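Bear in mind these aren't lab numbers, they're just calculated from the coordinates by the rules spelled out. Quick caveat: nothing in here was measured; it's all calculated off a predicted structure. Neighbour counts run over all protein chains shown; Cβ positions are idealised from the backbone, glycine included.
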Amino acid sequence: MDKIPILRMGRFLLVTIQVDLYDRLALNLESDLVQMVSKTGASGVLIDISALSIVDSFMGRILGNIGSMSKIMDAETVVVGMQPAVAITLIELGLELKGVHTALNVEKGMQLLQNKMGLIAENEEETG
Amino acid sequence: MIVVLNKENMLIVKEQDVVLFRNRVKEYAVKIGMGLVNQTKLITAASELVRNMIKYASGGSILIEVVSKGRENGIRLTFRDQGPGIPNIPQAMKDGFTTGKSLGLGLPGAKRLVSEFDIKSIVGEGTTVSIIKWKNG
């Protein structure tokens with residue numbers, strides 16, 4: 001059975017999707033990720049889709065689901081590396097990927113997550 | 001008039017067939033020199049339609065054709081299934097309508113992504129969807 005590996009990097013989980021996904025694989029990734037967030041207490045999830053040549057409505061929904069599920073588990077999700085042709089197609093298809101943050105590449109995505117963590121820590125200091 | 005230059009039939013029975021099918025469509029699109037954005041639109045539309053076929057009709061067959069009209073070349077895909085059929089096509093073509101649990105973007109989204117879109121369905125007999133993406137369309 002194929003499986004998408006989930007790497008742990010400090011407080012974040014890192015997923016690089018390197019194969020073309022069929023629906024079962026995407027659904028497994030969704031549940032594996034949410035379980036990993038719960039198990040590791042990760043505060044951020046970074047999903048690299050630079051190797052995906054298409055994102056259709058199903059995959060878009062999975063990405064959105066991962067974002068919302070992680071959110072209620074107290075983790076932010078950022079999707080990085082979307083190919084320009086995929087972005088054009090997604091919008092024309094009618095999918096806006098609400099609920100997930102996006103960044104141009106892994107580096108910028110990591111920065112975004114770290115900034116978010118930093119902001120939260122600052123707020124906690126102020127209120128606490 | 002549309003002339004068929006090359007054709008191939010594919011059977012879709014399981015989810016993994018979708019990946020093979022998408023790769024096949026990509027090969028044909030690359031062969032006729034279709035640009036990356038149009039390739040992506042065509043494959044995404046194809047992916048939506050093949051999912052419907054698996055989900056609602058447990059599979060079917062797809063005819064992949066390289067077609068030409070005047071100076072324009074393109075890819076035509078015809079999805080045939082023997083599923084339950086669609087009783088109300090105008091409703092199924094509306095954004096956000098679904099009888100499953102999806103987003104309801106499949107059919108209307110696929111239509112927006114291709115150059116020509118045609119759907120025929122007979123309740124109890126099945127559904128046929130035909131799309132064309134012109135190389136520069």
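In segment A:69-89, the residues that are within 11 Å of chain B (Cβ to nearest Cβ) form Cβ pairs under 8 Å with partners that are part of a helix (DSSP H, G or I) and polar (S, T, N, Q), at six or more places apart or across chains, as follows: A:GLN83/B:THR40; A:ALA85/B:GLN39; A:ALA85/B:THR40; A:VAL86/B:THR40; A:ILE88/B:THR40; A:THR89/B:THR40; A:THR89/B:THR44.
For segment A:95-110, state whether one or more residues are assigned to a loop (DSSP other than H, G, I, E, B) and without any contact (Cβ under 8 Å) to a residue 24 or more places away in the chain. Looking for residues that are assigned to a loop (DSSP other than H, G, I, E, B) and without any contact (Cβ under 8 Å) to a residue 24 or more places away in the chain, one finds at least one in segment A:95-110, hence yes. Would you please name the residue that is farthest from the other protein chains (Cβ to nearest Cβ), looking only at residues in segment A:1-41 that are of a type in the set (Ser, Thr, Tyr) and within 30 Å of B:ALA46 (Cβ to Cβ)? Per the stated criteria, the residue is A:THR16.
Is it true that B:VAL37 is of a type in the set (A, V, I, L, M), crowded, with 19+ Cβ neighbours inside 10 Å and without any contact (Cβ under 8 Å) to a residue 40 or more places away in the chain? Considered against the rule, which asks whether it is of a type in the set (A, V, I, L, M), crowded, with 19+ Cβ neighbours inside 10 Å and without any contact (Cβ under 8 Å) to a residue 40 or more places away in the chain, B:VAL37 comes out as no. The residue list B:GLY74, B:GLY60, B:GLY96, B:GLY104 contains one member that is within 14 Å of chain A (Cβ to nearest Cβ), crowded, with 18+ Cβ neighbours inside 10 Å and more than 11 Å from the chain's Cα centre (by Cα), which is B:GLY104. Among the residues of segment A:51-68, those identified as within 14 Å of chain B (Cβ to nearest Cβ) and either touching a helix residue (DSSP H, G or I) at 6+ places or on another chain (Cβ under 8 Å) or more than 17 Å from A:LEU33 (Cβ to Cβ) (or both) are A:ALA51, A:LEU52, A:SER53, A:ILE54, A:VAL55, A:ASP56, A:SER57, A:PHE58, A:MET59, A:GLY60, A:ILE62, A:ASN65. Exactly one residue out of B:GLY85, B:GLY104 is in a loop (DSSP other than H, G, I, E, B), on the phi > 0 side of the Ramachandran plot and touching a strand residue (DSSP E or B) at 6+ places or on another chain (Cβ under 6 Å): that is B:GLY85. With respect to (1) free of Cβ contacts under 8 Å to residues at least 40 places away in the same chain; (2) within 22 Å of A:GLN83 (Cα to Cα); (3) surrounded by 23 or more Cβ atoms within 10 Å (Cβ to Cβ), the lone exception for B:LEU20 is condition (3). Looking only at residues of segment B:19-57 that are under 22 Å from B:GLY124 (Cα atoms) and out of contact with any helix residue (DSSP H, G or I) (no Cβ under 7 Å at 6 or more places or on another chain), we find that the one that is farthest from the other protein chains (Cβ to nearest Cβ) is B:ALA57. For segment B:99-112, residues that are closer than 10 Å to A:ASP56 by Cβ and either among the hydroxyl-bearing types (Ser, Thr, Tyr) or touching a residue at least 60 places away in the same chain (Cβ under 8 Å) (or both) total 2.
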